[in-house]
Structure formats: structure tokens, C-alpha cells
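The values are calculated or read from the model by the stated rules, or taken from the named source; none is laboratory data. Given the structure is predicted, the values throughout are model-derived calculations rather than measurements. Reconstructed Cβ throughout: ideal geometry from the backbone, glycine too, with neighbour counts over all protein chains shown.
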Amino acid sequence: MSTDGHLPLYLAPSTIRFCPLCGSDLVRVPLPPDQKEEAVCSTCGFVFYLNPKVVAGTIPAEDGRILLVRRNINPSKGKWTFPGGFVDWGETVAGAALRETLEETGLRVDLDGLVGVYSYPDAPVVIVVYRARVAGGALQLNHEIQEFAWLSPGEIPWDDLAFPSTRHALRDFLSR
Ligand SMILES: [Zn+2]
């Protein structure tokens with residue numbers, strides 16, 4: 001928590017203050033079944049369960065190499081990862097993986113099975129990663145990406161990866 005009178009600027013169950021539906025104050029109320037305190041609207045009764053966001057990604061593979069992208073935005077600008085991004089409201093996880101891969105690389109891919117699902121106690125995201133095969137399109141940079149590379153397993157920049165989930169998913173991808 002900030003001690004200089006400014007409001008904390010990170011999203012967490014302990015920092016949300018207002019009902020997203022009616023704008024009234026949230027109050028902490030123990031709720032069944034376990035009497036855990038939740039943020040409840042003092043006016044309309046809405047319970048604001050703050051859950052992790054879901055990220056979908058793909059590891060495109062072709063001829064023994066995988067496609068990595070170097071990020072052009074923070075967090076981890078300049079670091080390497082695979083294509084991916086947040087799942088939109090109303091979208092399937094697999095659909096988001098296809099869309100994000102197309103948006104970031106210009107490639108249309110087919111999903112080829114699950115690599116893994118990754119989550120961490122200190123990060124409010126769940127990362128779902130698929131194997132993928134290129135089905136069409138052509139590599140094209142967008143503003144989120146600095147560069148692409150098709151890499152053999154021995155060329156993966158393990159010390160220059162964007163996130164723990166990047167390392168864990170690549171490790172799992174290569175172990176199969
Ligand atoms: Zn409300």
C-alpha cells in the first residue's frame with residue numbers, strides 16, 4: 001500500500017474500491033461457504049470476484065524449428081517469447097490463440113495439441129499454450145513485435161526470455 005496519500009495503482013482484491021455496476025463503495029463481507037472476505041457492493045449487492053485473466057499463446061513449429069517473437073512493448077520489451085495475448089470476453093481460448101498469432105505474426109496456424117497451462121501465485125494470469133503448425137499467411141511485423149526468428153532448440157535464448165511461463169512452456173514443448 002502507498003503511504004504518501006496516493007491511491008495504489010495496481011488491481012487486486014484488496015485495492016478495488018467501487019462497484020463496476022453502480023459505482024457505490026465496495027465493502028468487505030465474509031461470504032459462505034468458507035467465510036472468506038469478498039468485495040460486496042454496499043448498494044446493489046454485486047459481489048466483485050476478481051479472478052485471473054487468461055492468456056492464450058502458440059508455439060508454431062516447422063521443420064524442427066519454432067517461431068519466437070521479440071516484444072516491442074512492456075512488460076519485458078526487447079525479450080523473446082511466443083505469440084500470444086489476452087482472451088477476449090466471449091471468445092474461446094483456442095480462438096484467441098489463433099487470433100493473437102495472426103495479429104502478431106501475420107501467420108494463420110492450426111493448433112496441434114496443448115503444451116501446458118501455466119499459473120503463478122504472484123501473477124494474476126493463467127497462460128494456455130498450444131503447439132501450432134503454419135497453415136498460411138506470411139510473416140509481418142506489427143507494433144507489438146520487434147523481430148521474428150525461426151529457431152532450432154539449440155538457438156533458443158534461454159537467458160533472454162520474456163516471462164517464467166515462456167521458459168516453462170518451451171521446456172515442456174521440447175520435452176515431448
Ligand atoms: Zn453496485
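If you take the residues of segment 35-50 that are assigned to a loop (DSSP other than H, G, I, E, B) and in contact (Cβ under 8 Å) with a residue 12 or more places away in the chain, which of them is farthest from Ser24 (Cα to Cα)? Step by step, filter segment 35-50, then rank; the result is Leu50. Answer yes or no: is there a residue in segment 9-20 that is surrounded by fewer than 16 Cβ atoms within 10 Å (Cβ to Cβ), in a strand (DSSP E or B), within 16 Å of the ligand (Cβ to nearest atom) and not assigned by TED's automatic domain parsing to the domain that holds Arg133. Checked against the condition, which is being surrounded by fewer than 16 Cβ atoms within 10 Å (Cβ to Cβ), in a strand (DSSP E or B), within 16 Å of the ligand (Cβ to nearest atom) and not assigned by TED's automatic domain parsing to the domain that holds Arg133, segment 9-20 yields at least one hit. May I ask you to verify whether Val27 is more than 16 Å from the ligand (Cβ to nearest atom) and in a strand (DSSP E or B)? Considered against the rule, which asks whether it is more than 16 Å from the ligand (Cβ to nearest atom) and in a strand (DSSP E or B), Val27 comes out as no.
Only one entry of Thr101, Thr58, Thr92 meets the criterion of being out of contact with any Ser or Thr (no Cβ under 9 Å at 6 or more places or on another chain), of a type in the set (S, T, N, Q) and not assigned by TED's automatic domain parsing to the domain that holds Ala12, and that entry is Thr92. Taking the criterion of being aromatic (Phe, Trp, Tyr) and under 18 Å from Glu103 (Cα atoms), the residues of segment 35-90 that qualify are Trp80, Phe82, Phe86, Trp89. One residue alone among Asp112, Asp63 is of a type outside the set (Phe, Trp, Tyr) and at positive phi, and that residue is Asp63.
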